[in-house]
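Notes follow the structure.
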Amino acid sequence: MTFTTNYWDNIHRVKDAINNADALLVGIGAGMSTAAGFTYSGERFHKYFDDFHQKYGITDMYSGGFYSFESMEEYWAWWSRNIYYNRYDISAGAPYIQLMNLLQDKNYFVITTNVDHQMQLAGVDKNRFYYMQGDFGLWQCSEPCYQNTYDNEIQVRRMVKEQKDMKIPTELIPHCPRCGELMTMNLRIDGTFVQDEGWYAAQKRYTDFVEKYKDKRIVLLELGVGFNTPMIIKYPFMRMADDNIDALYVPINIERQTIPFEIQHNTISFNDDILKVLNDLLS
């Protein structure tokens, strides 16, 4: 297969490949939510966290999650806002909606490193989805005393409503219902990350899908994946493209991607806005 650098030629080639593929495997990274406008810094950060910026000099939502706050009341004031504005007070972004339109009636599976629940809001089939890094809507025991997660919406909404002077009421600090230790986010930041039954079931469905179509006509659609954790999506997708001559690897990222020589023959790379490319694939 020989691919050109002409944008519209490549759009048509990818459309044809998707329409004729046995399977479509989608990998989603942080750039997808950035394309949807859900940025963690700048104007959006200051709109919701300017008091934390003024007091501590925090400049973005991501780094603030690692800050050592003065109290647990302040810690949960930060995190409840972070969860609320990135998980509950939000709707599905346009790139996610268009992706689901592209996947309609297709044999697909989606893996993401994002924790903002956007794919679920866009209507992804939960049996075709693997959110391996956690979810803003889940808490876990900080120990953890056992492998279980807890929905946090009711508590988070109350924390946001009742916080004052950058603190939540002490009685709202969440504790594990089993052992009494503090709760924490179900996010993969260290070795305490809880992988519950649902997580393992999703992992198995993902690995089964990859195994079933690894030597078939498969389109590997990579959206907004950078080099922060390339071993989760980017490198496996590249290996699948290298192992399978019938695979088409399609990374889409506003930042220019380096494609290894070995897979350039079955790669079409778009260094463009993700929403624009998805719109054009649907046009």
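The values are calculated or read from the model by the stated rules, or taken from the named source; none is laboratory data. In this text, all values refer to a predicted model and were calculated from it rather than measured experimentally. All Cβ positions, even for glycine, are placed from backbone atoms using ideal geometry, and neighbour counts span all protein chains on display.
Which pairs turn up if I take residues in segment 262-274 that are surrounded by fewer than 15 Cβ atoms within 10 Å (Cβ to Cβ) and look for partners that are of a type in the set (S, T, Y) and part of a loop (DSSP other than H, G, I, E, B) with beta carbon separation below 8 Å, at least 6 apart in sequence or on another chain?
Once the first residue is surrounded by fewer than 15 Cβ atoms within 10 Å (Cβ to Cβ) and sits in segment 262-274, its partners that are of a type in the set (S, T, Y) and part of a loop (DSSP other than H, G, I, E, B) give H265/T2.
Return the residues of segment 59-73 that are of a type outside the set (S, T, Y) and either under 23 Å from the mean Cα position of the chain (by Cα) or exposed (fewer than 13 other Cβ atoms within 10 Å of the Cβ) (or both); say none if nothing qualifies.
Correct list: D60, M61, G64, G65, F66, E70.
Can you list residue pairs whose Cβ atoms sit under 7 Å apart, with the first residue in segment 1-24 being assigned to a helix (DSSP H, G or I) and the second being modelled with pLDDT under 95? Count only pairs 6 or more apart in sequence or on different chains.
Once the first residue is assigned to a helix (DSSP H, G or I) and sits in segment 1-24, its partners that are modelled with pLDDT under 95 give N10/F3; N10/T4; R13/F3.
Based on this model, can you work out whether F237 counts as among the hydrophobic types (A, V, I, L, M, F, W, C), assigned to a helix (DSSP H, G or I) and touching a Gly at 6+ places or on another chain (Cβ under 7 Å)?
yes
Show the residue pairs that are 6+ apart or on different chains and have beta-carbon atoms under 6 Å apart, the first residue being within segment 160-180 and closer than 18 Å to I83 by Cβ, the second being of a type in the set (A, V, I, L, M) and not in a strand (DSSP E or B).
Q163/A77; M166/A77; K167/A77; I168/A77; I168/M159; L172/M159; I173/M72
Going by the structure shown, is D215 assigned to a loop (DSSP other than H, G, I, E, B) and surrounded by 14 or more Cβ atoms within 10 Å (Cβ to Cβ)?
The answer is yes for D215.
Any idea which of K55, K106, K47 is touching a Leu at 6+ places or on another chain (Cβ under 9 Å) and surrounded by fewer than 19 Cβ atoms within 10 Å (Cβ to Cβ)?
Residue meeting the stated conditions: K106.
Which members of segment 25-53 meet the condition of being within 21 Å of G134 (Cα to Cα), of a type outside the set (S, T, N, Q) and in a helix (DSSP H, G or I)?
Selection gives A30, G31, M32, A35.
Okay, residues lined up against (1) within 23 Å of H53 (Cβ to Cβ); (2) assigned by TED's automatic domain parsing to the domain that holds T229; (3) of a type in the set (S, T, N, Q); (4) in contact with a helix residue (DSSP H, G or I) (Cβ under 6 Å, 6 or more places away or on another chain):
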residue: M72; (1), (2), (3), (4): yes, no, no, no
residue: S80; (1), (2), (3), (4): yes, no, yes, yes
residue: I83; (1), (2), (3), (4): yes, no, no, yes
residue: V124; (1), (2), (3), (4): no, yes, no, no
residue: T149; (1), (2), (3), (4): no, no, yes, no
residue: N152; (1), (2), (3), (4): no, no, yes, no
residue: M159; (1), (2), (3), (4): yes, no, no, yes
residue: I168; (1), (2), (3), (4): yes, no, no, yes
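Name the residue, out of D190, D208, that is loosely packed, with under 13 Cβ neighbours inside 10 Å and assigned to a loop (DSSP other than H, G, I, E, B).
After applying the criteria, what remains is D190.
Identify, by number, the condition in (1) of a type in the set (D, E); (2) within 16 Å of the chain's Cα centre (by Cα); (3) not in a strand (DSSP E or B) that E222 doesn't meet.
(3)
Which of the following residues is within 20 Å of M119 (Cα to Cα), of a type in the set (S, T, N, Q) and modelled with pLDDT of 95 or more: N244, N279?
Answer to the selection: N279.
Whether any residue in segment 216-226 is within 29 Å of L138 (Cβ to Cβ), without any contact (Cβ under 8 Å) to a residue 12 or more places away in the chain and not charged (D, E, K, R) is what I want to check.
Within segment 216-226, none of the residues are within 29 Å of L138 (Cβ to Cβ), without any contact (Cβ under 8 Å) to a residue 12 or more places away in the chain and not charged (D, E, K, R).
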